[in-house]
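The values are calculated or read from the model by the stated rules, or taken from the named source; none is laboratory data. Predicted, not measured: the structure shown is a model, and the values here were computed from it. Methodologically, a virtual Cβ is constructed for each residue, glycine included, from the backbone with ideal geometry; neighbour enumeration extends over all protein chains shown.
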Amino acid sequence: MSIRFDDDVLDRLRRRARSVPGATPSGLVQQLVDEGLRMTEHPGIVFKDGPSGRRAALALGPDVWEVIKAVREVDERDDAAIEAVAELLNLPRHRVLVAIDYYARYHEEIDRQMQTADEDSLAAEKAWQTARELIA
């Protein structure tokens, strides 16, 4: 498929690709189109950059993986789990459902993000414990 961009859009695309290590204009277009389609298919989902990379999140809210982790960790099931997570994260019920719907489609991606977060948390705890032992 061949796509033509306005000169301004193409200049901005090239600048953005240069600012991201390893990015190419065509790779960036692929990513942005994929994310745009995902946001259209799942209203309320946005994509954020951060230390752990680019990830799906609720608009003005937590990352999807954080919502799903909370759903898995509450002692409730069914509607009670949704209500418990909504209260825990101070979100309206429908926003928890947006995250669950997104997870249903992209569960492998979200599971990887949760695993990475768990590994990072364990490493940070171990480093803290080592530092505490050193000065104790």
- [ ] Kindly indicate whether any position in the range 51-60 is in a loop (DSSP other than H, G, I, E, B), under 23 Å from Arg112 (Cα atoms) and of a type in the set (S, T, N, Q).
- [x] yes
Open item on the list: Checking the conditions here, which among Gly22, Gly53 is surrounded by fewer than 12 Cβ atoms within 10 Å (Cβ to Cβ) and under 21 Å from His107 (Cα atoms)?
Closed with: Gly53
Task: Set Val46, Val85: member being at pLDDT 95 or above, part of a helix (DSSP H, G or I) and within 20 Å of the chain's Cα centre (by Cα) - done: Val85
